[in-house]
1. Can you report the number of residues in the stretch 17-32 which are surrounded by fewer than 18 Cβ atoms within 10 Å (Cβ to Cβ) and under 19 Å from the mean Cα position of the chain (by Cα)?
2. Name the residues in the stretch 13-32 that are out of contact with any helix residue (DSSP H, G or I) (no Cβ under 7 Å at 6 or more places or on another chain) and within 14 Å of Arg76 (Cβ to Cβ), would you?
Amino acid sequence: MSARGSELSDPELVSALAAGDLDAMDFLYRRYSTLAYSLALRILGDPGRAEDAVQDAFVRVWTRAAAFDASRGSLRTWVLTVVRNRAVDYLRGTPARQRNELELRVEVPAVGAGSDPWREVSESLERSAVREALGSLPSEQRQMIELAYYGGYTQTEISQMAERPARHGQESHAACPGEALFLPARQRTDR
């Protein structure tokens with residue numbers, strides 16, 4: 001697999017991960033580690049804790065690769081969701097209690113990650129598009145999205161901070177841009 005690993009599509013990569021292929025894990029890490037670390041660092045604000053969260057997330061992806069469901073989203077989205085969730089766990093102070101310590105059974109040699117200029121350009125354009133989209137939102141909506149995504153706050157917590165009612169039945173879920181929290185009060189009551 002190592003000869004064509006960088007050419008693997010995400011579905012092929014997931015299949016190889018589920019089969020326990022260590023090279024697949026190496027390629028997955030090379031493909032998404034920079035983005036994963038950036039996300040964890042943005043959430044946690046501490047490089048050391050961000051590294052720990054990313055490591056935990058990749059171990060979780062490795063151990064649960066067979067559970068990946070492509071119909072629910074891309075591999076990239078799944079990996080970043082796992083990273084975000086681990087970072088939020090760290091933010092809330094739960095990693096030591098809930099993290100399962102795993103002993104690595106196989107030595108994986110460290111190999112310098114090569115640069116992929118096309119991927120870097122693509123990621124840069126995507127970041128710019130997200131920043132532009134966030135910048136076009138009213139400041140209150142943008143702040144709520146940032147509290148939910150980067151701050152790890154739940155919809156109920158954000159509602160309390162904004163002094164707005166949370167949507168009934170959604171108290172335990174993280175806030176989401178499409179939820180009633182972001183609708184004007186007159187539209188919220190009509191639902």
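1. Looking only at that region, the number is 1.
2. The initial filter retains those residues of the stretch 13-32 that are out of contact with any helix residue (DSSP H, G or I) (no Cβ under 7 Å at 6 or more places or on another chain), namely 15, 19-22, 26, 30-31.
Selection gives Arg30, Arg31.
Yes or no, residue by residue, for (1) assigned by TED's automatic domain parsing to the domain that holds Leu39; (2) at pLDDT below 55; (3) in a loop (DSSP other than H, G, I, E, B):
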residue: Val106; (1), (2), (3): yes, no, yes
residue: Ala110; (1), (2), (3): yes, yes, yes
residue: Gln160; (1), (2), (3): no, no, no
residue: Gln170; (1), (2), (3): no, yes, yes
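The values are calculated or read from the model by the stated rules, or taken from the named source; none is laboratory data. Everything quoted here is computed from the prediction, not taken from an experiment. Don't worry about glycine lacking a Cβ; one is built from the backbone with ideal geometry, like all the others, and counts go over all protein chains shown.
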